[in-house]
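Each remark here refers to the structure printed beneath this line.
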Amino acid sequence: MVDRSFADLSLAALYDSLHPWGPGDDFYARLVRDAGAVLDVGCGTGRLLARARAVGHRGRLVGVDPAAAMLVQARRREPHVEWVLGDLRSHFWRGEFDLVVMTGHAFQALVTDDDVRQALHAVRDALRAGGRFVFDTVNPAARVWEGWGPEHIREGADAEGSVAWMWREVSCPVAGDRVTFTETYEGVRWDHPQISTTTLRLLDPYGIGRFLAEAGLTVVEQYGDWGRGPVSAASPEIVTVAGRR
C-alpha cells in the first residue's frame, strides 16, 4: 500500500518544497548525466529525471512509481520522460538500462525479505552487462529517528502558495531493523491535521551486501555521506553502488 504522503494529491504537491534539492540530488544527477539509459525506481515527483532532460540528457529516461499522485507532479514537470505507474513487480525490463537508481531512501520501503529479493532480482534483470544500481539508506547506527519530533518542523508550500508544516514522530518502539513513524501535516487548506504512517527497514552494510549477493549483484563502492566519505557509526547514510555480475 502506498503511504498517504505520496498517494494524497494535496500532500504530493508539497513534497518538493518540504524536501528541497540537496547534495544527494547532486550526487545522483551526476550519475544520470553520464549514463545512457536510466531507470529511476520510486521516482516520486520526477525531479531527478526532469532535471537531466532539462540540461540536455538525450538518452532513455524512465521513472516508475506506485503513487499516482506523485506521477501527476512528474508529468506536469516534464512530459518527455517515460513515467510509469507501478513498481518492479508489475513491470519487467530485461537488459535495457545502464543505470538503475532508488533515491530518497526509497529502498527502505522494501520491508520484508521477499520484497527486497523480488526488487533486487528485477533490478538485475533490468541492467545491461556492466550496469550499475545505486541507492541510499539511512544508516541504522546513526539512529536519526531519535532526533524526530514536533520541535523539528519543516515548512513548505504547493504551487499555488498554500503553506503547510510537517514533522515526524516515531509511533511505536523500534523493532529489530524496522522503524514506524508518522508524518503530521498542518496547513491552511485543512481544518484538521493530515497524518501519514510509514514503516522503513534499516539494513546495515552487511545485510545490504547479503541481499545483493543473493540477487547476483556485487557491492562496488559504499559511502557514508554524499561527499563519498567512508561508512562509520556516525555517518548518516549508506550509499551503495552495486554492479551486475
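The values are calculated or read from the model by the stated rules, or taken from the named source; none is laboratory data. Note that the structure is predicted; figures quoted are calculated from it, not measured. Here the Cβ is made from the backbone with ideal geometry for all residues, glycine too, and neighbour counts use every protein chain on show. To get the accessible areas, we keep the full protein, side chains included, count just its heavy atoms, and leave off ligands, DNA and RNA. Shrake-Rupley method; radii C 1.70, N 1.55, O 1.52, S 1.80 Å.
Residues in segment 153-168 that are at pLDDT 95 or above and either within 30 Å of E221 (Cα to Cα) or loosely packed, with under 14 Cβ neighbours inside 10 Å (or both): I153, E155. If you filter segment 125-145 down to residues that are in contact (Cβ under 8 Å) with a residue 12 or more places away in the chain, among the charged types (D, E, K, R) and open to solvent by 60 Å² or more (accessible area, probe 1.4 Å), you find that the one that is farthest from V32 (Cα to Cα) is R128.
The single residue among I195, I208 that is modelled with pLDDT of 95 or more and in a strand (DSSP E or B) turns out to be I195.
Name the residue that is surrounded by the fewest Cβ atoms within 10 Å (Cβ to Cβ), counting only residues in segment 37-85 that are assigned to a loop (DSSP other than H, G, I, E, B) and basic (K, R). Taking the candidates together, the pick is R58. Checked against the criterion of being hydroxyl-bearing (S, T, Y), under 27 Å from G149 (Cβ atoms), in contact with a Ser or Thr (Cβ under 8 Å, 6 or more places away or on another chain) and not in a strand (DSSP E or B), segment 183-192 contains not a single residue that satisfies it. Quick check on my filter: what residues within segment 169-198 are touching a helix residue (DSSP H, G or I) at 6+ places or on another chain (Cβ under 9 Å), closer than 17 Å to L110 by Cα and open to solvent by 50 Å² or more (accessible area, probe 1.4 Å)? Matches in segment 169-198: V174, T197. Only one of the listed residues (D225, D204) is surrounded by 17 or more Cβ atoms within 10 Å (Cβ to Cβ), under 18 Å from the mean Cα position of the chain (by Cα) and charged (D, E, K, R). That residue is D225. Screening the candidates V239, V231, V179 for the property of being farther than 21 Å from M70 by Cα, β-branched (V, I, T) and assigned to a loop (DSSP other than H, G, I, E, B) yields one hit, V231.
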